[in-house]
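A short write-up of the structure that comes next.
The values are calculated or read from the model by the stated rules, or taken from the named source; none is laboratory data. Not measured: the values here are computed from a predicted model. Here the Cβ is made from the backbone with ideal geometry for all residues, glycine too, and neighbour counts use every protein chain on show. Keep in mind that these areas ignore ligands, DNA and RNA; they rest on the heavy atoms of the full protein, side chains included. Shrake-Rupley method; radii C 1.70, N 1.55, O 1.52, S 1.80 Å.
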Amino acid sequence: MSDSSPLIAEYALPDAAATQALGAGLAPRLKTGDVVALHGDLGAGKTELARGLIRALFGADTEVPSPTFTLVQTYEAESVPLSLWHFDLYRLEDPEEAFELGIEDAFAEAVSLIEWPERLGPYLPARRLEIILSHAGDGRRATLSGGGDWPERLKGLTL
């Protein structure tokens, strides 16, 4: 994670619906070339947040499986002006394995939503939105940080 990225906001997420709502709130603020790095332990809500974001962009009926075994799922629709690549890098043993998944194409041509981004090591782009999901009592907490225009783009984000 980048220590130099300014804190943008923190959200209490009491349940899965709130985690999905945060993802849905992020969806309209995304643009091609964005990298969203999802950090958190197993079960912290990374895929739940991704599910809310993807369904907000591509429709409520969109199937959003966890890419744990496929490593990447791609989403495109004629009605949506961008494409999205959802990566789960947990099983990568070497950061360079991400190139076999086409991650450099995703960085250039799509929104990249990355679970376990630390597995990219030096290849994780510096210009990104960091979302740290952590357990907090019976729910979760989301901490968002990022430089560049992220603070401005996320102004007014509520659940």
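Details
- Flag: ALA44 does not match the condition of being open to solvent by 50 Å² or more (accessible area, probe 1.4 Å) and under 24 Å from ALA16 (Cα atoms).
- The residue of region 26-41 that is least open to solvent (accessible area, probe 1.4 Å), among those that are more than 12 Å from the chain's Cα centre (by Cα) and not polar (S, T, N, Q), is GLY33.
- Against the conditions (1) open to solvent by less than 20 Å² (accessible area, probe 1.4 Å); (2) over 11 Å from the mean Cα position of the chain (by Cα), GLY23 satisfies every one except (2).
- Across region 90-117, the qualifying residues are those that are assigned to a loop (DSSP other than H, G, I, E, B) and farther than 26 Å from PRO28 by Cβ, and the one among them that is most open to solvent (accessible area, probe 1.4 Å) is GLU93.
- Scope region 22-70; condition assigned to a loop (DSSP other than H, G, I, E, B), more than 17 Å from ALA106 (Cβ to Cβ) and in contact with a Leu (Cβ under 7 Å, 6 or more places away or on another chain); matching residues: GLY40, ALA44, GLY45
- In the condition set (1) hydrophobic (A, V, I, L, M, F, W, C); (2) surrounded by fewer than 14 Cβ atoms within 10 Å (Cβ to Cβ); (3) in contact (Cβ under 8 Å) with a residue 12 or more places away in the chain, ALA60 is compliant with all but (3).
- The set of residues in region 125-138 being within 13 Å of the chain's Cα centre (by Cα) and open to solvent by less than 50 Å² (accessible area, probe 1.4 Å) consists of ARG128, LEU129, GLU130, ILE131, LEU133.
- Filter result (within 15 Å of ALA27 (Cβ to Cβ) and open to solvent by 50 Å² or more (accessible area, probe 1.4 Å)) within region 67-84: GLU76, SER79, PRO81
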